[in-house]
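Participant: Sharing a structure with you now.
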Amino acid sequence: QRLLHKPYNYSFTMTEASSTVENAAERQFGAEFDDIHILSNAQVAVILQVSARSAVNRDEELNEVYRKTQKYVERFNTMTNPEKENQELVEELDNLQDALASFRKETDDGDELELHSFEVSALMNLVVTDTSVEEAIALIPSLSRLPEAAIDEILDLIKSTMIRIVS
């Protein structure tokens with residue numbers, strides 16, 4: 001049985017097959033999250049826009065679930081610019097996702113910290129141009145393990161991409 005509460009923070013799952021507790025704040029995820037590619041709302045919005053145009057060209061009607069999903073991702077998509085081609089947006093978003101996924105910071109103890117794919121998509125979904133380090137940690141508690149300077153560097157990377165997209 002799956003119980004979901006607030007996104008990005010308080011998701012707990014007890015699976016029938018095991019007693020594993022999933023907790024996004026602690027970066028504890030079940031096996032179903034291994035080796036998956038998580039998309040941001042902006043990436044899903046572009047995919048759905050292209051798919052919707054293709055459906056219209058084929059005289060196909062979009063079902064209600066499709067329309068509701070499209071409305072949701074467009075509502076929460078902070079990285080959009082109607083004047084830019086979809087391919088340009090896709091490249092910017094993919095480059096940002098790759099940069100975040102490959103982000104590494106070494107701690108004073110010599111440990112290497114990296115972002116989980118969940119954190120990458122959450123950051124892409126939640127960060128706006130004026131997001132502070134404190135807000136990012138409040139929205140994505142698992143970031144608290146990173147030094148503030150590293151989070152600030154991540155936020156600057158996202159902000160510069162957002163500025164490129166919207167300008």
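Participant: What number comes out for the charge environment of D108, summing +1 per Lys or Arg and -1 per Asp or Glu over other residues with Cβ under 14 Å away?
Facilitator: Details: positive: K105, R145; negative: E106, D109, D111, E112, E148.
Charge balance near D108 sits at -3.
Participant: Between the alpha-carbon centers of the stretch 26-45 and the stretch 57-102, tell me the distance in whole angstrom.
Facilitator: 16 Å
Participant: Okay, moving on. In nm, give the distance between the simple-model label positions of R104 and I163, each being 7 Å from the Cα along the Cα-to-Cβ direction.
Facilitator: Distance between label points: 2.8 nm.
Participant: Where is the GNM fluctuation largest for the chain (alpha-carbon springs, 10 angstrom cutoff): A55, A42, A25?
Facilitator: A55
Participant: Let me ask something additional. Per residue, how many Å² of accessible area does the stretch 92-167 show with a 1.4 Å probe? Before the final figure, lay out the partial values.
Facilitator: Numbers: 3640 Å² over 76 residues.
With all protein chains present, the stretch 92-167 gives 48 Å² per residue.
Participant: Roughly how far apart, in whole Å, are the Cα centres of the stretch 106-123 and the stretch 133-165?
Facilitator: Cα centroid to Cα centroid, the span is 11 Å.
Participant: Quick one: Karplus J couplings for the stretch 30-46, per residue in order, coefficients 6.51, -1.76, 1.60, θ = phi - 60°, nearest Hz, x for Gly and Pro?
Facilitator: Residue by residue, the stretch 30-46 yields x, 4, 5, 9, 6, 6, 10, 10, 8, 9, 7, 4, 5, 5, 5, 4, 5 Hz.
Participant: Take the alpha carbon atoms of the chain, find their radius of gyration, then divide it by 2.2 N^0.38 Å using N residues; give the quotient.
Facilitator: Details: Rg = 17.5 Å, N = 167, 2.2 N^0.38 = 15.4 Å.
So the Cα radius of gyration is 1.14 times the expected 2.2 N^0.38 Å.
Participant: For the stretch 133-144, take each phi angle, set θ = phi - 60°, evaluate the Karplus expression 6.51 cos²θ - 1.76 cosθ + 1.60, and give the result in whole Hz per residue in order, putting x for glycine and proline.
Facilitator: Those phi angles translate into 4, 4, 5, 4, 5, 5, 6, 10, x, 5, 5, 4 Hz.
Participant: In the stretch 49-166, what percent of the accessible surface is made up of carbon and sulfur (1.4 Å probe, ligands and nucleic acids excluded)? List each step's numbers first, then the result.
Facilitator: On the way: 3320 of 7000 Å².
Result for the stretch 49-166: 47 percent of the exposed heavy-atom area is carbon or sulfur.
The values are calculated or read from the model by the stated rules, or taken from the named source; none is laboratory data. Values in this document were obtained by computation on a predicted structure and should not be read as measured data. Cβ coordinates were reconstructed from backbone atoms using ideal geometry, including for glycine residues, and neighbour counts include every protein chain displayed. To get the accessible areas, we keep the full protein, side chains included, count just its heavy atoms, and leave off ligands, DNA and RNA. Shrake-Rupley method; radii C 1.70, N 1.55, O 1.52, S 1.80 Å.
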